[in-house]
Each structure stands twice: as structure tokens, then as C-alpha cells.
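The values are calculated or read from the model by the stated rules, or taken from the named source; none is laboratory data. Values in this document were obtained by computation on a predicted structure and should not be read as measured data. FYI the Cβ positions are ideal-geometry reconstructions off the backbone, even for glycines, and counts take in every protein chain you see. Surface areas here come from the heavy atoms of the whole protein model, side chains and all, with no ligands, DNA or RNA. Shrake-Rupley method; radii C 1.70, N 1.55, O 1.52, S 1.80 Å.
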2 protein chains.
Amino acid sequence: MGKNLTSRQEDYSKWYNELVVKADLAENSAVRGCMVIKPYGFAIWEKMQAQLDKMFKETGHQNAYFPLFVPKSLFEAEEKNAEGFAKECAVVTHYRLKNDPDNEGKLIVDPEAKLEEELVVRPTSEAIIWNTYKGWIQSYRDLPILVNQWANVVRWEMRTRLFLRTAEFLWQEGHTAHATKEEALAETEQMNNIYAEFAETFMAMPVIKGSKTENERFAGALETYCIEALMQDGKALQAGTSHFLGQNFAKAFDVKFATKEGGLEYVWATSWGVSTRLMGALIMTHSDDKGLVLPPKLAPTQVVIVPIYKGEEQLAEISKTANKLVEELRAQGISVKYDDRDTQKPGWKFAQYEMQGVPVRLAIGPKDLEKGTVELARRDTLTKEFVKQEEVIEKVKGLMEEIQETLFNKARDYRKEHTTKVDNFDEFKKVLKEKGGFISAHWDGTSETENKIKELTKATIRCIPFDAKKEQGACVLTGKPSAQRVLFAKAY
Amino acid sequence: MGKNLTSRQEDYSKWYNELVVKADLAENSAVRGCMVIKPYGFAIWEKMQAQLDKMFKETGHQNAYFPLFVPKSLFEAEEKNAEGFAKECAVVTHYRLKNDPDNEGKLIVDPEAKLEEELVVRPTSEAIIWNTYKGWIQSYRDLPILVNQWANVVRWEMRTRLFLRTAEFLWQEGHTAHATKEEALAETEQMNNIYAEFAETFMAMPVIKGSKTENERFAGALETYCIEALMQDGKALQAGTSHFLGQNFAKAFDVKFATKEGGLEYVWATSWGVSTRLMGALIMTHSDDKGLVLPPKLAPTQVVIVPIYKGEEQLAEISKTANKLVEELRAQGISVKYDDRDTQKPGWKFAQYEMQGVPVRLAIGPKDLEKGTVELARRDTLTKEFVKQEEVIEKVKGLMEEIQETLFNKARDYRKEHTTKVDNFDEFKKVLKEKGGFISAHWDGTSETENKIKELTKATIRCIPFDAKKEQGACVLTGKPSAQRVLFAKAY
């Protein structure tokens, strides 16, 4: 059936690429580095969106929409931000095509339709948004502004991979404005916590919360908080970031407010985002050599029912039982699909739903009707059992919780096994090479040392964990004093 | 308070522009022709999206996402479509900016980062999608494909107006693929019907369903069905379109499928869309000189409660009653906001919620506490009455239905009064000038005549209504025979 995947052990990267395509999640498009998100992949993304959107709204945020384009002069207003993104941005220079009389009327860019000022396709929206906020903020009464937008952004990456790094991607970007530094810092932390809660509770993906070193910070931020996850190949993945922007953008766009006390001060800012990259993280955290494995909370279809039958009459009998189960499961808020297509055989369907990670599969054949049972298969453990029909609903309900928990625990155990305390550089290199994962080591706090380690090993500091204990130590490379361990890893 | 609007009678266009800004719906941005949709405006759009999305899914459609960019060679593959959009498309030509050493390091387009092939920012996605469908469709088993995407598109319009015509706008675009012409035509009609149902049931906006003349058809379509609404200034607004694309795109992108019978045929296509333009239609259908008027089904806040008090103690007493109402209204699924801010006076709040079109306002003062009443104000009729506290919930519940219906009926009556049967061209011009609205007249069926009428009067054929009776008549301009009336109007 052409459905077999390369195994993870054989070639992890190939396994991932094949899985994304064969599970019908996404594919490459005719535009270099841009992907098509297919309906099944998009359905998972929609579930993520819905949950995140709910969490944002529960914490007082509202959605809005800002332009796709950033005029070059605004783009470069905040210098560090511009510097960080200038090398990878798509630029609109013209606003019309015309027929080329010299070439059979083929379309060419109309040289007479050149824009006075070039427009950058947003790689991130701080510039256009802070230019807008200038008009919204006069007094402390106008603060805080708690706004989010769901949007597409473009970063002209040279090496792209479906979901993980694409020239265009979908994301949400929150942009908030505050009267005080403390409030902005609290917002930065709150949103990072929301991302962590979402990752752990809905994606069943354990994450480490921490702050980035200066090297790894968002361009224009004073602090970047992040959640870092560990993939099954021992590489880390930055799954979400929340930035404390200080007054950098307020200064760049001259956004001041009248304080309660009658003063005039620059506004404090944060921004925070997660993207379709989370799809890559979700896939790589749980999936196996049979295909995608989905936590029930994000599965578009949580239960699939497949009839095993010969002839119309048997199908009709089985369908009676199946339809009753469908109805009862739906009444419990469980999404269920009864696949009675006659164009495909049961074996083909089994393979498809395994590949697509449907958490629970029920199969009903004539013998089940006789015995009053159904065959229940769990995607995560690949185990099967017979369940009495009258017990199916309770069983499935329980499994929705149990599978979610099992997946989380498995990923957490993997991370635990792949987090190693290391105190000298030879061991650092050895662990990184032989085992991978997070390396917890002392670091002298300089960008120089961080760069040197990256050069020698390709490992970077993923974060300075918030929960790291203070302990006296010596930098793993330079031996200089250090007050706490940080987390190193090779990363996506 | 600077909150007063120019009246509709004085200057309808100015009234609209002021309302959009003062009701906090949207504003112009730093990018020519692109708007910022503000949180309140976006909340209304989100309600529209949620309902439409539900209706699409109930009819078997799934969401997906396709690239923002269309390579020029794909863009021009379907000739008529390309011709229709080439004159107004934003074109990405470069993928990097660099510092200009001759100008203090200011950013300029890096001439070395020129794309081999220019990328058109999608004005519509038929080209990129049909190029993708080529890989998805081999056999009749792969059909139909029923896909929708929510996206931003860019059309470089020269004259722009908030929501009605913007260089970038948000929309949904459905793109479906079918095995037969009949099925594609049925889909085209079904989606036009869904748009009509949405407009009438949720927006409380009556629409005429019909087909476009060749002049007004979507570039590349064989048929365009549409819903046409009438605004309060007597101008028509095309609120949604559904296109039967025949095999044009399948031929342009060579998309064939193996039939059940073993043949090989080109696939049949439809596309259909509504956009943030609906916001403009919604605003202009119901609003008045006090501001926005919203149908309850699309109001982000359906009920606002304002306390009238002096001092903390009174507020505390009133809040008890108010919070109880909030709770009971929410239990009925009604969205309600209790505005007990002490930074603004009640009069200011009343004006704000009137401007923002909140359907029902409840005010509670100390006298109401004594008498066990609240003051209830309806936004649509601007009427007030006192209601016993124990009757408020039922009253408000009833009003949600009643206001929705009243708005629809009012708009339908307006349309009825502004739809005129006309049988000669002098009268045509007179009615158009003095009364506006739809003119139901005979037309000889030629583009030439349609163009001539447009030239002379600025009126176009909005649609050939589906429910038009067959009747023998003479073209209002040429006197040539005609078999049915069509609807003319000046249009947005």
C-alpha cells in the first residue's frame, strides 16, 4: 500500500518527512519553502487554535488584525528587530503585472508600477503594531492593551522542513502594552505559563520553562522566556516564546502615556507567539514507526469504528450496533467516525487510521454480534482487547483520559532518561554524541563561551530553567565560576 | 465627547467612515489601502466566521491552508483569471534587505537577492490550489474535494474604503473539485444558498439571489451566482459570490481523473467566497445617526448593564442586583457585560454603547432598587421602558428574537420600497437619480447594452434574479426583446 514508513532508528529525519506526507498532514508546494497544510493536518491545528484562543480570552486578551505589509521605514525603526529579520524577508516592490509585447503577451512586472516605498511581508508584527498603538495610547486609562492576532508570517529561510521551518507559517502573536515594567514582566511570564500549560495538558508534551541567553533572545527583546521540549531523537525544540520588550518599541515609535500622577512615560511592551511549528513538535513527541500518535485532546477523530463484513446483510446488522455506539459516544462529547465505505477493505482502513493516529479503533464483525463484543485497539500502545458492547462507552471514556496521561508520562520519562548532568567538557561531547538530550551543565555566563561550545558541538543553551537550583560550579568549557546549571542541547 | 456622527442624510459616505472609526471597528493603517481591524470590529467578524465555518462543515467541507504566494508562471496559467487580476497584484521580487553603506546603513533591497521567479501575493487562490489538486486527484474515488480556507488576500485597489474595498482583506475561499458538471453546479448553488441563509438569518440582511451577467462574472468563471443586498443610501452591495468554474482550471493545470467507467476526464470546479466586506454591509444595513446597530446574533455583547450611583455604598447595592442579572442572563446563553468602571460617567457609557450597537442596555439606579425595576433601552428603536426585575430575563430573551426580526423586516421593507419596476429609459434615469435602489427592468441580454447603461447612469446589472418571472418585454435602452427583468443599481 506504500504506507510503510522508514523507521525512526533507520533515519529519523526521513521518518518525519514521510510521516507528515503519508498521514495527510502537509506537503510541499510550488512555492519554495512554503507548505500546503492538508485538511487532516489543519483540523489538528484548528483544535490547537481553539484551545489557545480560549486560554488567551480567559486571561483578558482580544483578537484584532493588522496589515500583512510593513513599510520599510517602519520596519527599520526598531534597529535590533530590523537587523534580526532583514536578511530573511520577502519584499514587495511592485503592484502590477502587464503583458510583455516582446514575449507573446506573457506577464511581466510592470516597471511603471513600482512602489514609492517597498513593503516588507511581515516576519513578525511589532513594527506595524507599535506604529498603530501610538494612536491608541494617550493616557494610563488606555492601558493595558491586551491584543492577539492569528496570522501568517513570512521568513525567507534557506533550509525548510514541513511545519518545523517554513518560509510562510501560521501563528498567533500577542502584543501587549503596559504602564509599568512589573506588569509587562508579569504578562511575559503569564503567557509563557499558558504555553506550558497548553503543551503539557493538551499536547501531552512536557516542557521546561526558562529564559533565553542573550544569544538566543528575540531580536529587540530584553528577555525571552520560552518552553523547550525534547524530541525522540534527543534534539530539543523551542515550542513557544514570550518576550519582554522593555520600552524599545515605545521609544522607536514614540509611544508615551500620561501617568496617573501627571507625568509622561514610555509604554512597556511584551510579545509572545506559537506557530504551526507546534505541529512538528506534536508529531515528533509521540509518533512511532506505524505513523502519527495523537493525544485524544487534539485528535480530530478520537474513535473510529470499522465494520468487518461480507455482504450487505451483514453490514446492515453491524451498522445497527455501530450507529448506536456512534450516538452514545457523541452524547459523551467524543468525536467518532463510522467508516462503512465499501471502496476500501478493513485492513486498509486499519493501516490508514494507524498512520493518522486515531487514538481508539473499534472493529465489529459477525462474531462480535454473536458474542456481544467489539474489538478495541489502542493506537498508543498498539494493544487490542475484546470489550462487551455495554461496557464500550465507559471504557472509551476512561481511555480518553488514560491515553492522554500515558502519552505525557512516556514523553516525560524519555526526557528524564535523556537529561544528563555533566561536569566536564569531554563528557559533554560524549553524552551529546552517544545519547543526545538535554545536558545540564555549568556555564560562565558569556556569549563567547556559548558560541565556542556551539562551534565545537552544535549544542546551544536552550534555556536557563526557572527552577534551576543555585549551586556553585565551574563552567563546563572554561572552568570559570558559575552559580547555576543551564540546559544545553542540539536543537531544531 | 467628539462622539457625534455626521448624519446619513447630510453625507452618507462621511457618516459611514466616521462610524467605522468611532465605533472602534477599524482604522486606516500606515500601509496604503490596508486597514487595522480593531478588537471590537474583529469580535464581530469572529462571530461571522464561527457561524459560516459551522455551516460549511455541516455541508461536508473541511478547512486547509495554501501558500500566500503564487509563482508568476502558475498565476498566468488560467488566462482569463490572470487577466482579471494582473492589474492589481502586489509582487514580491526580492527576499532580503541589506544595509546601504552609502546612506548611514539604512536598509535597502539587496539587489543580489532577486527571486528567479516573481511571486504574486494571492488575490485569490484558484491557481495555487488547482496546481496542488493535480497531485490529489487521480481517480473518481478522490472526488469530490470540498475544501475551504480562511485567509488574507491582496488586491491593489486604487480607491479604498474601510471594509468595503481594501488592498488587503480577510475572507474565506472555498475550492471544490467534482466528477460531474451537475455536481459542481449543485455545489455552486448550495454555497450561494448558504450565504443567503447566513445573510438573512444572522446578519438580518435580506438578499436577492441571482446570477451575474458575463460583464460582472468572476475572471475565469462560467457562471457567478451572488447575493445582492441594498444599503440605506440606495446603493447595492454584492455580499457573496459562488462561481461555477467549469473545467477551466482543470484544463489550465491538467487535472484529470479516471472515471468509474475507465475513462479519463477533466475535473469540474467551483469556488466561493465572502470577505470582511460583509462588515461594511452589516454596518450600512442597520446603523443609524447614533452609530452602529447590531443584530443580536452577531453582537459580541448583547446586553450591557450600567449602574447609576453616587458613592461606593450605592454601587455595592446596585451591583448585587446587577451581578444576579449577569449570572441569570449568561445561564440563558446571552452575552452580557456589567460596566461598573468608575472612570466614566453613565452618560458617557450610554453614548459609547449606542455608538457600538449593543442591542439592549439595562440601567439600574437607587430608585430602581426601591421599586424593583430596571430601565431597559433598545438600541434598534431607541425606546426605553421600565421592567420589573423578576421579568427582565424573559423580556431580554424575547428581545433577542424580536430585535433580530425587527431589523430584518425593516431592511426588507426598505428594499421593497426601493425596488422599482421601470419600463423606459427616462424613468430609469429619474428613479435612479431621485430614489436609487434596485431597478427591475428589461434588458436585451448584450454586454454592449449593459456597458452603455453603465456609461450613461453608473448603474450595473446586479443580478439576474433566480426567482424572476418569465415575461415578454422590451429592453429599457434598446427596445429589443427580452424574456425577463433583471436588477439594476448603482453599487459599492
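Tell me the net charge near residue B:86. Cut-off is 9 Å between Cβ atoms, residue B:86 excluded, with +1 for each Lys or Arg and -1 for each Asp or Glu.
That works out to -1.
Any lysines with Cα under 22 Å of the residue A:384 Cα? List them, leaving off those in the same chain fewer than 8 positions away.
Output for residue A:384: A:3, A:290, A:297, A:324, A:337, A:345, A:349, A:367, A:371, A:395, A:397, A:410.
Separation between the residue B:313 and residue A:397 pseudo-spin-labels, each 7 Å from Cα along Cα→Cβ, expressed in nm?
5.2
Are there trypsin sites (Lys or Arg not before Pro) in the range A:272-352 that DSSP marks as loop and that have at most 15 other Cβ atoms within 10 Å, and which are they?
Values: sites: A:277, A:290, A:297, A:310, A:320, A:324, A:330, A:337, A:341, A:349; in loops: A:290, A:310, A:341.
Those that pass, being in a loop and sparsely packed, are A:310, A:341.
Treat each spin label as a single point 7 Å out from the Cα along the C-beta direction, and report the residue A:423 to residue A:114 distance in nm.
6.6
Return the FRET efficiency for the residue pair residue A:6, residue B:13: r is the Cβ-Cβ distance, R0 is 60 Å, and the value is rounded to the nearest 0.05.
0.45
Determine ³J(HN,Hα), in whole Hz, for all residues of the range A:256-273 in sequence, where each value follows from phi through the Karplus function 6.51 cos²θ - 1.76 cosθ + 1.60 and θ = phi - 60°; x replaces Gly and Pro.
Result, ordered by residue: 10, 9, 7, 6, 4, 7, x, x, 9, 9, 6, 7, 9, 10, 9, 9, 7, x Hz.
So what's the angle, to the nearest 10 degrees on a 0 to 90 scale, between helix B:425-434 and the longest Cα principal axis of chain B?
So the helix axis and the longest Cα principal axis differ by about 30 degrees.
Any chance you could look up the accessible area of residue B:158 with a 1.4 Å probe, heavy atoms only, rounded to 10 Å²?
Here the residue's solvent-accessible area equals roughly 110 Å².
Rounded to the nearest 0.05, what FRET efficiency is calculated for residue A:430 and residue B:251 with R0 set to 56 Å and r the Cβ-Cβ distance?
0.35
I'd like the residues of the range B:18-32 whose 1.4 Å-probe accessible area shrinks by no less than 50 Å² going from the isolated chain to the full set of protein chains.
B:30, B:31
Tell me the accessible surface of residue A:45 in square angstrom (1.4 angstrom probe, heavy atoms of protein chains only), to the nearest ten.
Number for this one is 0 Å².
Charges only on Cβ, +1 for Lys and Arg, -1 for Asp and Glu: so what's the dipole of the protein assembly as shown about the Cα centre, in debye to the nearest 20?
Dipole size: approximately 200 debye.
Roughly how much accessible area, to the nearest 100 Å², goes out of reach of solvent when A and B pair up, both sides summed, probe 1.4 Å?
Roughly 5000 Å².
How well do other chains shield peptide A:37-50, expressed as the mean number of their Cβ atoms within 10 Å of each residue Cβ?
On the way: counts 6, 7, 10, 2, 2, 8, 3, 0, 3, 4, 0, 0, 0, 0.
Mean shielding by partner chains, rounded to a whole number: 3.
Lys/Arg Cβ at +1, Asp/Glu Cβ at -1, dipole of the range B:103-146 taken about the Cα centre: which of B:131, B:143, B:107 is farthest positive-ward?
Ranked along the dipole, the leading option is B:143.
Please determine, in degrees from 0 to 90 and to the nearest 10, the orientation of helix A:346-355 with respect to the longest principal axis defined by the Cα atoms of chain A, where the helix direction is its Cα long axis.
Roughly 20 degrees between the two axes.
Taking the label point as lying 7 angstrom from Cα along the Cα-to-Cβ axis, what are the distances from residue A:197 to the corresponding position in the remaining copies, in ascending order and in nanometres?
Sorted ascending, the copy-to-copy spacings read 3.7 nm.
From the phi of every residue in the range A:127-132, what ³J(HN,Hα) in whole Hz does the Karplus formula 6.51 cos²θ - 1.76 cosθ + 1.60 yield, where θ is phi - 60° and glycine or proline is x?
Computed from phi, the couplings for the range A:127-132 are 4, 5, 6, 5, 5, 6 Hz.
Could you give, in nm with one decimal, how far residue A:186 is from each other copy of that position, shortest first, with labels 7 Å out from Cα toward Cβ?
So the label point of residue A:186 gives 5.9 nm to the other copies.
Quote the accessible area belonging to residue B:142 in square angstrom, nearest 10, computed with a 1.4 Å probe and with ligands, DNA and RNA left uncounted.
Residue B:142 has an accessible surface of roughly 60 Å² with all protein chains in place.
Can you give the FRET efficiency to the nearest 0.05 for residue A:348 and residue A:58, using r as the Cβ-Cβ distance and R₀ = 35 Å?
On the way: r = 43 Å, r/R0 = 1.22.
E(calc), rounded to 0.05, equals 0.25.
Using θ = phi - 60° and the Karplus relation 6.51 cos²θ - 1.76 cosθ + 1.60, list the HN-Hα couplings for the range A:215-227 in order, rounded to whole Hz, with x at every Gly or Pro.
For the range A:215-227, the Karplus curve yields 4, 9, 5, 4, 5, x, 9, 8, 9, 10, 8, 8, 10 Hz.
Can you list, shortest first in nanometers, how far residue B:135 lies from the same residue in the other copies, with each label 7 Å from Cα toward Cβ?
Distances between equivalent label points, in nm: 4.1.
What do you get for the angle between helix B:311-331 and the principal long axis of chain B? Use alpha-carbon atoms, 0 to 90 degrees, nearest ten.
Tilt relative to chain B: about 40 degrees.
Which order do you get for A:419, A:321 if you rank them by accessible area with a 1.4 Å probe, largest at the top?
Of A:419, A:321, the descending order of accessible area is A:419, A:321.
Using only the heavy atoms of the protein chains and a 1.4 Å probe, how would A:380, B:289 rank by accessible area, largest first?
The residues order as B:289, A:380, largest area first.
Tally Lys/Arg at +1 and Asp/Glu at -1 over every other residue whose Cβ is under 14 Å from the Cβ of residue A:433; what's the total?
Around residue A:433, the charge tally is +2.
How much net charge surrounds residue A:360 when only other residues with a Cβ under 10 Å from its Cβ are counted (Lys, Arg +1; Asp, Glu -1)?
Net of charged neighbours comes to +3.
Order B:21, B:109 by their accessible area, 1.4 angstrom probe, all chains in place, largest first.
Sorted by accessible area, descending: B:21, B:109.
Please report the relative contact order for chain A, taking Cα pairs under 8 Å with a sequence separation of at least 6, and give it as a percent rounded to a whole number.
Averaging sequence separation for qualifying contacts and normalising by length gives 14 percent for chain A.
Give the long-range amide H neighbours of residue B:491: residues separated by 5 or more places, or on another chain, with amide H under 5 Å away, using H modelled in the peptide plane at 1.01 Å from N.
B:236, B:460
Just the number, please: carbon plus sulfur as a percent of the accessible area of the range B:419-489, 1.4 Å probe, no ligands or DNA/RNA counted. Mind dumping the intermediate values first?
On the way: 1890 of 3770 Å².
Ligands and nucleic acids excluded, carbon and sulfur reach 50 percent.
Starting from the amide H of residue B:213, placed 1.01 Å from N in the peptide plane, find each other amide H under 5 Å away whose residue is 5 or more places distant or on another chain.
The list, which skips near neighbours in sequence, is B:464.
Taking GluC sites (Glu not before Pro) as candidate sites, keep only those in a DSSP loop with at most 12 other Cβ atoms within 10 Å, then name the longest stretch of chain A containing none of them.
It runs A:262-492.
At 222 nm, what value in deg cm²/dmol follows for the protein assembly as shown if DSSP H runs of at least 4 each add -39500 (n - 2.57) and the sum is divided by all its residues, to the nearest 500? The partial results should precede the final answer.
Numbers: 28 runs with 346 residues, N = 984.
The per-residue figure over the protein assembly as shown is -11000 deg cm²/dmol.
7 Å from Cα along Cα→Cβ at both residue A:385 and residue A:474: what's the point-to-point distance in nm?
5.5
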